[in-house]
Amino acid sequence: MTETATRPAERVPPPETVKAVPVRHPGRWVAAAVIALLVAMFVHMLVTNKAFQWRFMFDNMFRPPVIEGVRTALLVTILAMIIGVTLGIVIAVMRLSPNPILSGAAWVYTWFFRAVPRIVLLVLFGNLGILYARYEVGLPFDHQIGNLFGIDFSARIFGLDARTVVTGFVAGLLGLALSEAAYMAEIVRAGIQSVDPGQQEAAQACGMGRGVTLRRIVLPQAMRVIIPPTGNETIAMLKDSALLAFVPVTNELFFQLQAIGARTFRVFPMLVAACLWYLAMTSVLMIGQYFLERYFSRGFGTGGRQAGARMRVGSVGHGH
Amino acid sequence: MGTDPSGFAATDQPMVKAENVHKRFGRLEVLKGVDLEVKPREVTVMLGPSGSGKSTFLRCINHLEKINGGRLWVDGELVGYRQQGDKLHELKENEVARKRAEIGMVFQRFNLFPHMTALGNVIEAPMRVKGTRKADAIERARELLGQVGLADKADVYPAQLSGGQQQRVAIARALAMDPKLMLFDEPTSALDPELVGDVLDAMRKLAENGMTMIVVTHEMGFAREVGSHLVFMDQGTVVEEGRPSEVFANPRHERTRAFLSRIL
């Protein structure tokens, strides 16, 4: 003990900085050269090929109907995601419910809406007007029961004309939202199941009921797992909003750009414009996703507010 | 040290009473007829090899596990059921929750809510379950965090606390509901040795203040000094019970003797 204490620190020289030849990475240089060449070829094509007609594209991609289309795309994305996430949470909770009727119904819902392609679903919803000219809500089989007893029995609560309710926009929105709910339900379910069962036990031991436990303890923690795939879903939804063109919804972005292309016989520049618009909007969404992930990862990892949402916990031992 | 059992009036209603409690997980029988009484203000320490059913019994007391046979009462009321005539009716979920609110539980792995600060953990249940006003809940929480020596950690998230600190927050969280009974399920087993002392001190203080406690533990020192009643379980039954000093000094049962000789 005393020996180590009497040995002063200054007698030990400070450790020498390691000097070594770093590992060379010739592969990186080769890759860089190849990629640079390919990029140069691509730029060459963009600049020299007259079919791009950049002037024409920039002149047309900001026209009022196109801007209106951008607004529609964003609006549909936001609304469809709000409905989809809300309904998805409800379906996920139903799916995990001990009640077999509820969990069965949730399973059937998910099965149906994941099985049917979105474009088929949207065209189907767009043609719902063929089924009924009027939508009414009331007791089922009321006329049939009335006929059985020979009376005129009608138990309709309210009704609306199909054309006022199911506009192209509403049909498209509904199709996207309902199908999104099925995917979100699976994502939320995975999130809920990723939360340590000890959390639920601790909450129950404190006297919290199922509802409070879910809302205050389980879901906020599940969010950390739910948010990243939800961000992907939102971006996918923005792109799928182009499917509205087939419902059809006329003030939709892709529809408008294609219309300009068809009218002027200059199709290709307008397709490039569509790429650029979706690219720009998606980039904005990705920034939003980054901040959301950072918010919901609070309390995980020693840094507290680090943006490490995708990093698994556990590996974070001592941080700094 | 230990409370003199003769100090209790004969009419004292036991805080916990178990009669022939059975619990099965599938075909595995974990509790094979547990009989036990815990008097108010008593610190009952449960010892026994792992797999002897101590933790399961503890979880039956606040109905985290349903018992398959026998009867279990907390403060004179059946756990999980209501008796009408000679029929048992299962309690509804909110009724079970209301009873759980009166029993505090501390887990081996803390189970703090990681998305809430230490203070948030402590005020959550009083606010959501009892409807305590936020300002009142915060005031009480700060007092409790002070009691367990963590007044300065109120705004820190669990991940930034040591295991011992987390467990003390968990104790404060359980106390915030003003429980009449506290259950400790191996509270120090997941801790580094040098952190065990602080948690045991917090529990000792609680015992001195007259809290009724059931503690499943392997801390023999704590059992001897703080425990007023010792229960030794093995293979799903209570093998031996009595005052800790007596059981430690001369265990009557062979299995108790074997267990103590291995652990002490």
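Where a number appears in this text, it was derived from the coordinates with a stated rule and is not lab data. Here the structure is a predicted model, which means the values were calculated and not measured. FYI the Cβ positions are ideal-geometry reconstructions off the backbone, even for glycines, and counts take in every protein chain you see.
Remarks
- Among A:29-39, B:45-55, the peptide with the highest mean count of other Cβ atoms within 10 Å heads the list, and the full ranking is B:45-55, A:29-39.
- Lys/Arg +1, Asp/Glu -1 at C-beta; the range B:12-153 dipole; positive extreme among B:V74, B:L119, B:Q84: B:L119
- Chain A: DSSP helices with Cα axial extent of at least 30 Å and average Kyte-Doolittle hydropathy no lower than 1.0: A:26-48, A:64-95, A:168-194, A:267-296
- Environment charge at B:T256 (Cβ cut-off 15 Å; Lys +1, Arg +1, Asp -1, Glu -1): +2
- Cross-link pairs exceeding 26 Å in C-alpha to C-alpha distance, out of B:K92/B:K134; B:K66/B:K87; B:K66/B:K205; B:K17/B:K66; B:K17/B:K87; B:K87/B:K180, comprise B:K92/B:K134; B:K66/B:K205; B:K87/B:K180.
- The string of couplings for the range B:180-188 from the Karplus curve (6.51, -1.76, 1.60, θ = phi - 60°) is 9, 8, 10, 10, 10, 9, 6, x, 10 Hz, one whole number per residue in order, with x for Gly and Pro.
- Distance distribution P(r), the protein assembly as shown, all Cα-Cα pairs, bin width 20 angstrom from 0: 15, 34, 28, 18, 4, 0 percent.
- Dipole axis of chain A (+1 Lys, Arg; -1 Asp, Glu on Cβ), positive-most option in A:V30, A:G198, A:F268: A:V30
- Calculated FRET efficiency for the pair B:E254/B:D152, C-beta based, R₀ 60 Å, to 0.05: 0.75
- For the protein assembly as shown, size of Cβ-based charge dipole, Lys and Arg +1, Asp and Glu -1, in debye: 1760 debye
- The range A:7-136, dipole about Cα centre (Lys/Arg Cβ +1, Asp/Glu Cβ -1), debye to the nearest 20: 400 debye
- Taking amide H as placed 1.01 Å from N in the peptide plane, B:T237 has its amide H under 5 Å from the amide H of B:K32, each at least 5 places away in sequence or on another chain.
- FRET efficiency, 1/(1 + (r/R0)^6) with R0 51 Å, evaluated for A:R156 and A:F56 via beta carbons: 0.40
- Inter-centroid distance (Cα atoms) of the range B:139-202 relative to the range A:230-247, Å: 48 Å
- Comparing mean-square fluctuations of A:A155, A:A245, A:A115 from a GNM of chain A with C-alpha springs under 10 Å, the top value falls on A:A155.
- Secondary-structure-derived ellipticity at 222 nm for chain A, considering helices only, amounts to -21000 deg cm²/dmol, per-run term -39500 (n - 2.57) for DSSP H runs with n ≥ 4.
- In the range A:261-301, chymotrypsin sites (Phe, Trp or Tyr not before Pro) in a DSSP loop with at most 14 other beta-carbon atoms within 10 Å: A:F265
- Across peptide A:215-221, the mean count of Cβ atoms from other chains lying within 10 Å of each residue's own Cβ comes to 3.
- Size of electric dipole in the range A:41-114: Cβ of Lys, Arg +1 and of Asp, Glu -1, about Cα centre, debye, nearest 20: 120 debye
- Peptide-level mean, for B:107-115, of C-beta atoms on other protein chains within 10 Å: 6
- Taking the number of Cβ atoms within 10 Å of each Cβ as an exposure proxy, the fewest-first ranking of A:S103, A:S283, A:S297, B:S228 is A:S283, A:S103, B:S228, A:S297.
- Relative exposure of A:V195, B:V215, judged by other C-beta atoms within 10 Å (fewest first): A:V195, B:V215
- Shielding by other protein chains, B:120-133, mean Cβ within 10 Å: 3
- When you filter the trypsin sites (Lys or Arg not before Pro) in the range A:91-149 for DSSP loop state and at most 14 other Cβ atoms inside 10 Å of their Cβ, nothing is left.
- Sorted by Cβ neighbour density within 10 Å, fewest at the top, the residues B:D35, A:D240, B:D86: B:D86, B:D35, A:D240
- Highest-MSF residue in chain B out of B:L200, B:L161, B:L175 [GNM, Cα springs under 10 Å]: B:L161
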